[in-house]
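Have a look at the structure below before the remarks.
The values are calculated or read from the model by the stated rules, or taken from the named source; none is laboratory data. Please read all numbers here as calculations on a predicted model, not as lab measurements. For neighbour counting, all protein chains shown are included, and Cβ atoms are generated from backbone atoms with ideal geometry for every residue, glycine included.
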Amino acid sequence: MRMGTFRAMFCIDRRRCGQSLVELALTLPVLILLLVVALDFARMFNISMEITDAARAGAQWGAQNRAAAANLLGMEQAACNSMADVPCTPGVDTTASSFCQCAGSSGTISCTSPGSCINVLNFVTVTATTTFTTVVGYPGLPSSIPMSASATMQVQ
């Protein structure tokens, strides 16, 4: 097919023949920027869900029984094992703690010597943290965002 035949088929007016190409050249950078922003937002949302699930997994591991609740490193490791796409170090990116309350009270008490409390409730808390880094630096927005999630469960 010759170029003249192509123009005859698709270009009715020679002056408007390049208009579509110019419009594409002007809008393509905006469309690509929107795509990159959407991908960054999706990545941030995915990492947020991942650290939330990791905190829950660590707390669930520690809430099995009192022996597991006392094993802080085990809860931190369980949380790290749950984070597949995020680099994790137990004790750095995940922290665990346990505390006790007297039933019907909101204050914490000592788990080893509860005093006059008869019904001691034991709880574990796991916190998972990471830093999200964007693919591209956006003007006026930080390129890295600290993210954190925490889960608290009662020991069975």
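Residues are listed down the side, and each one gets a yes or a no for (1) surrounded by 11 or more Cβ atoms within 10 Å (Cβ to Cβ); (2) at pLDDT 95 or above:
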| residue | (1), (2) |
| --- | --- |
| R15 | no, no |
| V22 | no, no |
| A55 | yes, yes |
| G62 | yes, yes |
| A69 | yes, no |
| Q77 | yes, yes |
| S82 | yes, no |
| G91 | yes, no |
| A96 | yes, yes |
Of those in segment 112-127 that are touching a helix residue (DSSP H, G or I) at 6+ places or on another chain (Cβ under 9 Å) and among the hydrophobic types (A, V, I, L, M, F, W, C), the residue surrounded by the most Cβ atoms within 10 Å (Cβ to Cβ) is V126
